[in-house]
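Worksheet: the structure to be examined is printed underneath.
The values are calculated or read from the model by the stated rules, or taken from the named source; none is laboratory data. Treat the numbers as computed from the prediction; the structure is a model and nothing was measured. Cβ sites come from the backbone with ideal geometry, for glycine too, and all protein chains shown count toward neighbours. Side chains are part of the model used for accessible areas, which takes the heavy atoms of the whole protein and leaves out ligands, DNA and RNA. Shrake-Rupley method; radii C 1.70, N 1.55, O 1.52, S 1.80 Å.
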Amino acid sequence: MLADFAEVVQKGTRDEMLLASIDWERLPRHVAIIMDGNGRWAASRGQPRIAGHRAGVEAVRASVDTGARLGLGALTLYAFSTENWKRPRLEVDALMRMLRRYLRLELDEIDRQNIRFQAIGRIAGLNANVQREIARAEERTAKNTGMILSVALNYGGRAEILDATRAAVRRLMEEGKSPEALTEERIERELYTRRLPELDLLVRTSGEMRISNFLLWQAAYSEIYVTETLWPDFRRVHLLEAIVDFQRRNRRFGGLQLVANAK
Ligand code: IPE
Ligand code: IPE
Ligand code: MG
């Protein structure tokens with residue numbers, strides 16, 4: 001896996017040092033990122049918020065590329081929450097336009113890296129043209145066997161749990177079972193993340209110490225890493241730092257014994 005970085009990482013850099021200290025046997029299986037701070041990045045430069053979103057695309061590229069080279073099982077990016085509709089129409093439209101553009105421009109590269117793309121969230125609530133671009137990317141990469149890249153759009157953790165519970169209850173009723181037959185496994189099977197490994201590491205940029213309705217169910221025992229770096233400035237080195245930090249944590253999952261990360 002180190003070899004996958006040979007073409008992009010220079011000798012003597014911090015990237016190289018961090019890569020050398022990674023324990024390849026204990027990589028997080030699934031990393032999720034709350035991409036935050038685009039507005040503040042723009043404001044600090046006297047630019048409109050949208051300029052921050054535009055600059056954030058480069059951070060998305062860097063994270064996806066790094067995740068794929070590392071060989072992560074899954075990378076999930078929080079791009080638009082169910083609450084983000086409260087923002088000005090112009091900003092929402094710009095975000096949706098950028099998403100379509102990103103998918104159009106990056107699809108070849110995503111496919112080349114054997115990445116499987118999916119959108120998670122209430123996708124039916126998005127504009128038809130956004131849905132079309134998503135469907136195209138999902139179909140094109142459906143047979144890929146590498147990292148699963150999930151982009152959370154019109155996503156809310158509570159909405160996800162509600163939708164999944166409804167679906168699980170519907171199945172129970174079809175099977176003529178009682179409410180007591182409802183289990184965590186049955187709910188898990190209906191979550192958007194059903195095909196993904198356990199969420200090991202949740203990253204948030206821009207220093208904010210909250211979850212903002214992201215992956216509420218999945219984050220039950222995830223390690224949380226918050227960096228002051230604003231999303232548009234986030235690069236390979238920051239993701240590597242998060243992973244090295246993760247590998248120093250002691251996870252106990254409620255027990256007393258230390259559990260080695262991700263194995
Ligand atoms: C994150 O940056 C991008 C989205 C939520 C879509 P913000 O737009 O929230 O930036 P800040 O938090 O205002 O700096
Ligand atoms: C979380 O960021 C949502 C996304 C990154 C898509 P927000 O900026 O919307 O969250 P709050 O308002 O700081 O909680
Ligand atoms: Mg924000």
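Listed values, structure above:
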{"item": "Where a residue in region 75-91 is closer than 14 Å to TYR192 by Cα and within 11 Å of ligand 3 (Cβ to nearest atom) and its partner, wherever it lies, is part of a loop (DSSP other than H, G, I, E, B) and open to solvent by less than 80 Å² (accessible area, probe 1.4 Å), with Cβ under 7 Å and at least six apart", "result": "TYR78/MET35; TYR78/PHE214"}
{"item": "Search result, residues across region 22-43 that are of a type outside the set (Phe, Trp, Tyr) and within 16 Å of ligand 2 (Cβ to nearest atom)", "result": "VAL31, ALA32, ILE33, ILE34, MET35, ASP36, GLY37, ASN38, GLY39, ARG40, ALA42, ALA43"}
{"item": "Selected residue [in contact with a helix residue (DSSP H, G or I) (Cβ under 9 Å, 6 or more places away or on another chain), crowded, with 22+ Cβ neighbours inside 10 Å, in contact (Cβ under 8 Å) with a residue 12 or more places away in the chain and farther than 25 Å from LEU19 by Cβ] from LEU149, LEU153", "result": "LEU153"}
{"item": "Hits in region 114-124 (condition: more than 11 Å from LEU149 (Cα to Cα) and in contact (Cβ under 8 Å) with a residue 12 or more places away in the chain)", "result": "GLY121, ARG122, ILE123"}
{"item": "Subset of region 7-48 that is of a type in the set (A, V, I, L, M, F, W, C) and within 16 Å of ligand 1 (Cβ to nearest atom) - its residue that is most open to solvent (accessible area, probe 1.4 Å)", "result": "ALA43"}
{"item": "Elements of type helices (runs of 4 or more DSSP H) contained in region 19-123, each with 3 or more residues being among the basic types (Lys, Arg)", "result": "49-70, 89-112"}
{"item": "The one condition in (1) of a type in the set (A, V, I, L, M, F, W, C); (2) touching a Phe, Trp or Tyr at 6+ places or on another chain (Cβ under 6 Å); (3) exposed (fewer than 13 other Cβ atoms within 10 Å of the Cβ) that ALA135 fails to fulfil", "result": "(2)"}
{"item": "Candidate set from region 1-21 (those that are closer than 19 Å to ASP245 by Cα and polar (S, T, N, Q)); member that is nearest to the chain's Cα centre (by Cα)", "result": "SER21"}
{"item": "Any pair with Cβ under 7 angstrom, 6 or more apart, that starts in region 210-227 at a residue that is within 20 Å of LEU239 (Cβ to Cβ) and open to solvent by less than 30 Å² (accessible area, probe 1.4 Å) and ends at one that is among the aromatic types (Phe, Trp, Tyr) and within 16 Å of ligand 2 (Cβ to nearest atom)", "result": "PHE214/TYR78"}
{"item": "Residue satisfying all of: in region 49-80; open to solvent by less than 10 Å² (accessible area, probe 1.4 Å) and among the small types (Gly, Ala, Ser); farthest from ILE161 (Cα to Cα) among these", "result": "GLY52"}
{"item": "So ASP4, is it more than 11 Å from ligand 1 (Cβ to nearest atom) and touching a residue at least 40 places away in the same chain (Cβ under 8 Å)", "result": "yes"}
{"item": "Single condition GLY176 does not satisfy, out of (1) in contact with a helix residue (DSSP H, G or I) (Cβ under 9 Å, 6 or more places away or on another chain); (2) without any contact (Cβ under 8 Å) to a residue 24 or more places away in the chain", "result": "(1)"}
{"item": "Among residues of region 81-97, those that are surrounded by fewer than 16 Cβ atoms within 10 Å (Cβ to Cβ), under 18 Å from GLN131 (Cα atoms) and in contact with a helix residue (DSSP H, G or I) (Cβ under 8 Å, 6 or more places away or on another chain), counted", "result": "2"}
